[in-house]
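Q: Right, I'll just put the structure down here and ask away after.
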Amino acid sequence: MEAFFAIFNTDLLVATIRLSTPITLAAVGATICEKSGIVNIAMEGMMIMGAFFAVIIAYYTGNPWLGLVGGVAAGGIFSLVHAVATVTFHLDHVVSGAVLNILSFGIVRYLMVLFFGHPGTTDPIPVGLGGYQFAIPGLSKIPVLGPMFFNQTPIIYMSFILIVGALFFLKKTKVGLHLRAAGEHPLALETIGVSVYKMRYLGVVISGLFSGLAGAYLSIENAVSFTEGMSNGRGFIALAAMISGGWTALGSFAAALFFGFADAFQIRMQIFKVLPIPAEIFIIFPYIATVIAVAGLVKKSRPPRADGIDFMIEREDG
Amino acid sequence: MSTVKEDRIVLEMQHISKQFPNVLANEDVSIQLKEGEIISLLGENGAGKSTLMNVLYGLYRPSAGKIILNDEEVEFSSPKDAIEKGLGMVHQHFMLVDNLSVTENIILGSEPGKAGIIDYKSARKEVAELSEKYHLEVEPDAIIESLSVGLQQRVEILKALYRKARILILDEPTAVLTPHEVDQLFLVIKKLRDSGVSMIIITHKLEEVKAISDRVYILRRGKCEGLRNTKDVTKEDLANLMVGREVVLTVHKEKKEVTGDSIFNLENVIVKNEKGINALDGLSLNVRPGEIVGIAGVDGNGQTELAEVLMGLCKLESGRIYYKGEDISELTTKQRRNKSISNVPADRHRFGLILPMTISENMVLGFHDEKPYVHGINLALDVIHNYSEKMVKDFDIRTPGVDIPAGNLSGGNQQKVILAREFSRNPDFLLVAQPTRGLDVGAIEYIHSQILKMRDRNVGILLISLELEEIFSLSDRILVLYEGKIVKEFVPEETTDKEVGFYMTGGKKE
Ligand SMILES: Nc1ncnc2c1ncn2[C@@H]1O[C@H](COP(=O)(O)OP(=O)(O)O)[C@@H](O)[C@H]1O
Ligand SMILES: [Mg+2]
């Protein structure tokens with residue numbers, strides 16, 4: 001019983017939120033991207049760019065807030081490559097995404113050597129955003145929910161706002177409706193005079209900005225330096241969260257929370273060694289949870305109808 | 001009936017040409033539209049009608065020529081410009097987002113509301129008012145997916161009216177409608193005309209030209225072949241202008257006595273679709289040798305599942321299928337085909353042919369592993385080649401050679417490749433689904449005559465078609481398919497398309 005409470009307590013839930021934040025951000029961004037009709041598997045690469053540039057800027061300016069802006073911008077700019085490739089040059093979305101992921105490893109390693117003289121880990125930044133944890137007076141005193149939602153660090157708060165913002169954007173705004181139409185029936189949108197290309201660029205870039213923020217969270221809020229490989233497949237787990245969340249913002253958030261929980265749980269199982277099996281086995285737990293979630297839920301969810309389908313008004317083949 | 005006031009010209013397209021990367025779709029076409037007038041554009045598939053209208057609507061830029069609207073030259077860089085100038089278009093394939101509501105589809109791109117936020121309340125009100133004003137009743141909150149095609153078309157028309165269209169283009173508006181829905185549409189069109197909307201209606205159906213329009217432009221191979229007043233032109237004249245040669249409008253079908261036992265039977269067949277609903281719901285039918293049984297029905301009432309279950313392509317939940325008295329319910333597709341059952345599938349691009357493969361490869365598809373098309377483990381390429389050349393000759397397939405990809409042929413010639421493959425196997429039972437969808441009058445004429453030839457060779461034929469006209473001109477018996485059941489049987493000579501249409505839409509009378 002004691003062991004049970006060592007694991008299942010408020011700390012576990014707080015850790016769930018922390019571990020799920022980067023997944024949530026990348027998954028919600030990707031949802032918006034795919035709703036516009038562009039398949040995005042490049043969250044990993046965009047996150048890496050965001051994480052790296054957040055550190056670079058924070059390191060040279062000494063200001064983590066500027067680092068945050070830099071990380072977000074880096075994700076957005078990097079995602080533009082995907083938009084140009086898939087929308088303007090009609091390249092296959094998966095091919096472009098795979099290229100972006102690989103490219104990000106190369107770019108980051110090159111710049112590491114250039115700026116710091118070695119690959120691996122950068123020098124630490126003077127202050128990280130982790131130091132700006134603040135409790136919201138009153139609300140943070142609520143048991144369980146208080147520590148989870150009202151005593152957190154800046155990017156975590158931002159992620160809550162962004163989830164609500166994304167929902168509002170998709171459901172209530174004109175541009176949100178246009179963006180969804182671009183992913184369902186692009187020609188219908190074009191024939192009433194709204195540019196499908198613009199909506200798809202917008203979708204991709206929003207996803208880039210969100211993934212960039214997710215990256216910044218990893219490097220300057222959850223840590224104070226950038227390490228190669230620190231994204232550790234979270235971009236792909238975000239992809240899984242988006243799919244098992246049924247290509248909806250709320251679903252993606254729920255799935256991301258689940259994956260965050262799986263991760264928090266496995267860490268505790270390793271530390272507290274409650275079961276008489278080797279602790280290392282639990283490392284694989286979040287990944288198996290991912291596989292099961294995707295395999296179990298993917299059949300029930302439907303992607304936007306024109307997701308991944310190229311849009312071109314005057315075709316070569318007639 | 002004519003309410004053409006003075007003869008003020010509201011719209012003129014002058015010497016329009018449109019070059020696509022590989023096709024010259026329009027060449028020096030000029031048309032005029034007068035105020036409050038209805039004109040039709042008549043032409044075969046691929047004549048360039050939709051292209052011309054999409055140029056007018058700003059979706060494509062013309063390669064040459066100009067557009068004059070209300071005495072002013074205009075250049076549209078996107079449909080947005082055209083919409084602003086009072087043009088509206090209902091496309092051949094509906095431009096509706098399936099999972100959005102009627103209201104959302106109608107307001108899309110011109111949503112009411114401040115600061116980028118949609119004011120759904122006033123949107124719904126505007127839509128309701130509009131549909132009341134023009135007597136186009138639809139439920140503003142219904143999701144498009146759940147509406148019939150006729151209602152979806154209403155939404156499309158409302159979409160144009162919402163944007164205050166004064167000139168309305170309708171691209172093949174009747175192609176997907178039942179006879180009753182066509183009548184309703186024509187009423188709507190007349191009402192709109194009376195309220196001052198000028199209209200351009202695209203069609204390849206001759207009766208419609210006569211029924212609805214004041215003047216008709218005939219398009220052939222991208223060029224304008226003429227302009228006629230519909231009052232003083234006959235259907236035969238129109239057909240000849242459209243095709244460029246004399247055509248037979250109705251196939252000649254010998255009445256014949258069908259005797260003998262049925263060759264193909266379905267008994268209480270139930271098939272579920274992917275949503276788990278009974279797509280075929282206890283369907284029974286029989287086909288006798290030497291007769292054509294036509295399945296009439298609105299799309300989505302089980303046609304696809306019927307064709308699939310016959311060929312063993314989907315799971316039979318319950319019921320039995322007999323062929324020549326033998327239960328074939330459990331046989332694989334290949335086994336069925338080897339029992340001289342042939343099949344012309346509805347979707348020739350996805351199921352009938354492998355487009356990137358050559359004509360000769362397609363010609364033996366499915367039999368390519370049998371003698372005489374194999375030597376040991378090799379394909380007998382010379383045999384296949386010779387066989388294909390013979391077929392190309394026999395079935396009058398227009399192609400530069402048998403070694404070019406099937407995808408390079410026109411739709412009509414692609415369909416002939418399938419007919420050649422399926423018909424030359426000397427089947428005893430033939431399933432033909434949508435054999436002439438999207439084909440021109442010439443090709444339809446040929447394919448119909450080939451199907452009748454098979455019937456005269458005593459083959460039992462099941463014809464599934466969404467074209468009621470085709471059902472009427474070919475069938476010996478008509479079965480009406482509604483919600484997965486045969487609800488009525490007719491003999492074509494003893495009924496009318498109206499009556500069949502009534503049962504197709506779920507009507508019942510005693
Ligand atoms: N968007 C397009 N891109 C390239 N070629 C096209 C396009 N649309 C139509 N075409 C070609 O232009 C020709 C005319 O087509 P279309 O205008 O659709 O004919 P219709 O409406 O009279 O059946 C066809 O050969 C068709 O393949
Ligand atoms: Mg057309």
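The values are calculated or read from the model by the stated rules, or taken from the named source; none is laboratory data. Keep in mind it's a predicted model, so treat the numbers as computed, not measured. Methodologically, a virtual Cβ is constructed for each residue, glycine included, from the backbone with ideal geometry; neighbour enumeration extends over all protein chains shown. Quick note on the areas: whole protein, heavy atoms, side chains included, nothing else; ligands and nucleic acids left out. Shrake-Rupley method; radii C 1.70, N 1.55, O 1.52, S 1.80 Å.
Q: To the nearest 500 deg cm²/dmol, what mean residue ellipticity at 222 nm is calculated for chain B from DSSP H runs of n ≥ 4 alone, each contributing -39,500 (n - 2.57), summed and divided by the residues?
A: Numbers: 16 runs with 157 residues, N = 510.
-9000 deg cm²/dmol, from helical runs alone.
Q: Provide the per-residue ³J(HN,Hα) series for the range B:19-27, in order, calculated from phi with Karplus coefficients 6.51, -1.76, 1.60 and θ = phi - 60°, each as a whole number of Hz, with x at glycine and proline positions.
A: Those phi angles translate into 9, 8, x, 10, 9, 8, 7, 9, 9 Hz.
Q: Report the Rg/Rh value for the range B:264-504, based on alpha-carbon coordinates and the Kirkwood definition of Rh. Could you put the intermediate results ahead of the total?
A: On the way: Rg = 18.0 Å, Rh = 18.5 Å.
Rounded to two decimals, Rg over Rh is 0.97.
Q: Additional query: Could you give me D for the range B:407-510, from Stokes-Einstein at 37 °C and 0.692 mPa s, where the hydrodynamic radius is the Kirkwood radius over C-alpha pairs? Units µm² s⁻¹, please.
A: Result for D is 220 µm²/s.
Q: Roughly speaking, to the nearest percent, how much of the protein assembly as shown's 1.4 Å accessible area is carbon and sulfur? Provide the component values of the computation, followed by the final result.
A: On the way: 21130 of 36300 Å².
Heavy-atom surface of the protein assembly as shown belonging to carbon and sulfur, 1.4 Å probe: 58 percent.
Q: Listed highest first by mean packing, meaning other Cβ atoms within 10 Å per residue, what order do B:427-433, A:289-295 come in?
A: Numbers: B:427-433: 22.9, A:289-295: 16.0.
With the highest mean Cβ count within 10 Å placed first, the list reads B:427-433, A:289-295.
Q: Run the numbers on chain A and let me know its relative contact order in percent, using alpha-carbon pairs under 8 Å that are six or more apart.
A: Values: 608 pairs, mean separation 111.6, N = 318.
This gives 35 percent for chain A.
Q: Now a separate question. Loop-only GluC sites (Glu not before Pro) in the range B:350-402, please: DSSP not H, G, I, E or B, and at most 11 other Cβ atoms within 10 Å.
A: Passing sites in the range B:350-402 are B:Glu370.
Q: Another question, then. Kirkwood hydrodynamic radius, computed over distinct alpha-carbon pairs, for the protein assembly as shown: how many Å, to one decimal? Write down the numbers at each step before the final one.
A: Values: mean 1/r = 0.0325 Å⁻¹.
About 30.8 Å, per the Kirkwood formula over Cα pairs.
Q: If you don't mind, there's one more thing I want to ask. What number in nm² do you get for chain A if you take the convex hull of its Cα atoms and divide its surface by four?
A: Quarter of the Cα hull surface area: 18.7 nm².
Q: OK, next. For the range B:472-510 and the range B:379-454, what is the separation of their Cα centres, given in Å?
A: Comparing the Cα centres of the range B:472-510 and the range B:379-454, I get a distance of 30 Å.
Q: When the chain is fully extended, how far beyond the present Cα-Cα distance does B:Ile377 get from B:Lys235, taking 0.36 nm per residue of separation?
A: My answer for the length gained is 45.5 nm.
Q: A further question on this structure: Can you give me the Kirkwood hydrodynamic radius for the range B:188-240, using every pair of distinct Cα atoms, in Å to one decimal? Kindly include the intermediate steps, with their values, before the conclusion.
A: Values: mean 1/r = 0.0834 Å⁻¹.
Averaging 1/r across every pair of different Cα atoms and inverting gives 12.0 Å.
Q: Output ³J(HN,Hα) for the range B:82-89: one whole-Hz value per residue in order, computed from phi by the Karplus curve 6.51 cos²θ - 1.76 cosθ + 1.60 with θ = phi - 60°, and x for Gly and Pro.
A: Result, rounded to whole Hz: 5, 4, 4, 8, x, 9, x, 9.
Q: Further question on the same structure: Out of residues 5 or more away from B:Gly58 or on other chains, whose amide H comes under 5 Å of its own, with H placed 1.01 Å from N in the peptide plane?
A: Distant-sequence amide H within range of B:Gly58: zero hits.
Q: Could you bin all the Cα-Cα distances of the range B:233-380 into 5 Å bins starting at 0 and give me the percent of pairs in each, rounded to whole numbers?
A: That works out to 2, 7, 12, 14, 14, 14, 13, 10, 8, 4, 1, 0, 0, in percent per bin.
Q: Using a 1.4 Å probe and counting only protein heavy atoms, how much accessible surface gets buried when A and B come together, both sides summed, in Å² to the nearest 100? The partial results should precede the final answer.
A: Working: alone 14670 and 24040 Å², together 36300 Å².
Summed over both sides, the interface buries about 2400 Å².
Q: Based on alpha-carbon atoms only, what is the radius of gyration of the range B:9-243 relative to the globular estimate 2.2 N^0.38 Å? Working shown, then result.
A: Details: Rg = 17.7 Å, N = 235, 2.2 N^0.38 = 17.5 Å.
Dividing the Cα Rg of the range B:9-243 by 2.2 N^0.38 Å gives 1.01.
Q: Continuing with the same structure: Quick one: accessible area per residue over the range A:203-318, 1.4 Å probe, rounded to a whole number of Å²?
A: Working: 5310 Å² over 116 residues.
Accessible surface, normalised per residue, equals 46 Å².
Q: So how compact is the range A:1-91: Cα radius of gyration and Dmax in angstrom?
A: Cα-based Rg and Dmax for the range A:1-91 come out at 17.7, 60 Å.
Q: Let me know the number of lysine pairs in chain A closer than 26 Å at the Cα, not counting same-chain pairs under 8 apart.
A: Lysine pairs, 8 or more places apart or on different chains, close enough: 12.
Q: Average the reciprocal distances over every distinct pair of alpha-carbons in the range B:1-122, invert the result, and give the Kirkwood radius in Å.
A: Working: mean 1/r = 0.0604 Å⁻¹.
Result for the range B:1-122, one decimal place: 16.6 Å.
Q: Still on this structure, please answer the following. With θ set to phi - 60°, apply the Karplus curve 6.51 cos²θ - 1.76 cosθ + 1.60 along the range B:396-406 and write out the HN-Hα couplings as whole Hz, x wherever there is a Gly or Pro.
A: Whole-Hz 3J(HN,Hα) from phi for the range B:396-406: 6, 8, 7, 8, x, x, 8, 9, 9, x, 4.
Q: With a 1.4 Å probe on protein heavy atoms only, tell me which residues of the range B:15-62 lose at least 30 Å² of accessible surface in the complex relative to the chain by itself.
A: By number: B:Pro21, B:Asn22, B:Leu59, B:Tyr60.
Q: Let me ask you something else. Hey, what did chain B get for relative contact order, percent, Cα under 8 Å, at least 6 apart? List each step's numbers first, then the result.
A: Details: 975 pairs, mean separation 74.9, N = 510.
Value for chain B: 15 percent.
Q: How many percent of the alpha carbon pairs in chain B exceed a separation of 44 Å? The partial results should precede the final answer.
A: Numbers: 27526 of 129795 pairs.
That tail contains 21 percent of the Cα-Cα pairs.
Q: To continue, here is another question. Got the relative contact order for the range B:9-243 handy, in percent, Cα pairs under 8 Å and 6 or more residues apart?
A: Details: 449 pairs, mean separation 67.1, N = 235.
RCO, the range B:9-243: 29 percent.
Q: Now for a separate question. For the range A:180-201, state which residues have at least 20 Å² less accessible area in the presence of all protein chains than in their chain by itself, taking the probe as 1.4 Å and leaving out ligands, DNA and RNA.
A: So the qualifying set is A:Arg180, A:Ala181, A:Glu184, A:His185, A:Leu187, A:Ala188, A:Glu190, A:Thr191, A:Ile192, A:Gly193.
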